[in-house]
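**Student:** Structure in structure tokens, see below.
The values are calculated or read from the model by the stated rules, or taken from the named source; none is laboratory data. This one's a predicted model, so the numbers in the text were calculated from it and none came from an experiment. Virtual Cβ from ideal backbone geometry, glycine too; neighbours counted across all protein chains shown.
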Amino acid sequence: MFERLENTVALVTGASSGIGRAAALRLAQSGAVVAIVARRADRLEALAAEIRRNGGIVLPIAADITSSDEAIAVVTRITSELGRLDTLINAAGLMLNGPSIESPLSEWDRMIDINLRGLIYVTKAALPHLIDAVASSPRNVADVVNISSVAGRFAAPQVAIYNATKFAVTAATEAWRQEFTRRSVRFSVIEPGATATELFDQKAGQREGFASMFGEVEQMHPQDIAEAVAFIVTNPRRVAINEIVLRPTDQA
């Protein structure tokens, strides 16, 4: 029996596109008030308008969560304006792969900043509020869902730093799960395979490399991953989904 999310508040990072955008729409459909966070304000406003047209309540916040101060400010604003925080979806991500000798350190730093530091900063700021929400929640549980990747399970050439960030996300999620499970804060990680998002367009040449590897694969859609997010957070308190690996049927 899956539960509705009325009277709860969800925060989704990376909500301007891809999995984050799809997750925000799906959580709003399940009844949650949704705070959507990303750097591209125009895209956030377009998503907010869509959620409102469908009868949802949404708070768009343009912010750079790679700044710890901005991450704290985002969570503070959400809890001040919306009164609580029950669900956190860390979906912001960046992939800038390529030969290690030619790849500039600045690209590696950006992946670490967005994929790992941003996730850490938001989670750290959100945790006290998630714990507080459990006591007044109609569901007696709070959730953190971190979007990792199959690259968080298997390393590959020219993917070292992206692998490192996603391995770290998977490991941190499990450690936090163990630390907070007795406080009714569930931590879950989703590790998608090939998904049709803008991820491969973030660096010149990645789309072509992706096509050579997965050209015959029918890719998953962001909505497919959003359904996994909804599956995790709408389960009753007694059920904790710790990890979900999703691949396209055609991906080996």
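**Student:** Take the residues in region 199-215 that are surrounded by fewer than 13 Cβ atoms within 10 Å (Cβ to Cβ) and among the charged types (D, E, K, R); name whichever of them is modelled with the lowest pLDDT.
**Tutor:** So the residue we want is Glu208.
**Student:** Let me ask something else. Starting from region 71-98, keep only residues that are under 19 Å from Asn7 (Cβ atoms), then list their pairs with residues that are acidic (Asp, Glu) whose Cβ atoms are within a distance under 6 Å, requiring at least 6 positions of separation or different chains.
**Tutor:** Thr87/Asp143
**Student:** Quick check: is even one residue across region 42-52 over 26 Å from Arg139 (Cβ atoms), more than 12 Å from the chain's Cα centre (by Cα), of a type in the set (Asp, Glu) and surrounded by 17 or more Cβ atoms within 10 Å (Cβ to Cβ)?
**Tutor:** The answer is no; no qualifying residue exists.
**Student:** With the checklist (1) part of a loop (DSSP other than H, G, I, E, B); (2) free of Cβ contacts under 8 Å to residues at least 12 places away in the same chain; (3) not charged (D, E, K, R) in hand, flag the one item Ala175 doesn't pass.
**Tutor:** Going through the list (1) part of a loop (DSSP other than H, G, I, E, B); (2) free of Cβ contacts under 8 Å to residues at least 12 places away in the same chain; (3) not charged (D, E, K, R), Ala175 breaks only (1).
**Student:** Check Pro157, Pro128 and return the single one that is on the phi < 0 side of the Ramachandran plot, assigned to a helix (DSSP H, G or I) and not aliphatic (A, V, I, L, M).
**Tutor:** Going through Pro157, Pro128 in turn, the sole match is Pro128.
**Student:** Filter region 126-178 down to the residues that are of a type in the set (S, T, N, Q) and within 22 Å of Met111 (Cα to Cα), then identify the one that is modelled with the lowest pLDDT.
**Tutor:** Among them, the one singled out is Gln158.
**Student:** Among the helices (runs of 4 or more DSSP H) confined wholly to region 1-107, which include 2 or more residues that are in contact with a Cys (Cβ under 8 Å, 6 or more places away or on another chain) and either modelled with pLDDT of 95 or more or of a type outside the set (D, E, K, R) (or both)?
**Tutor:** none
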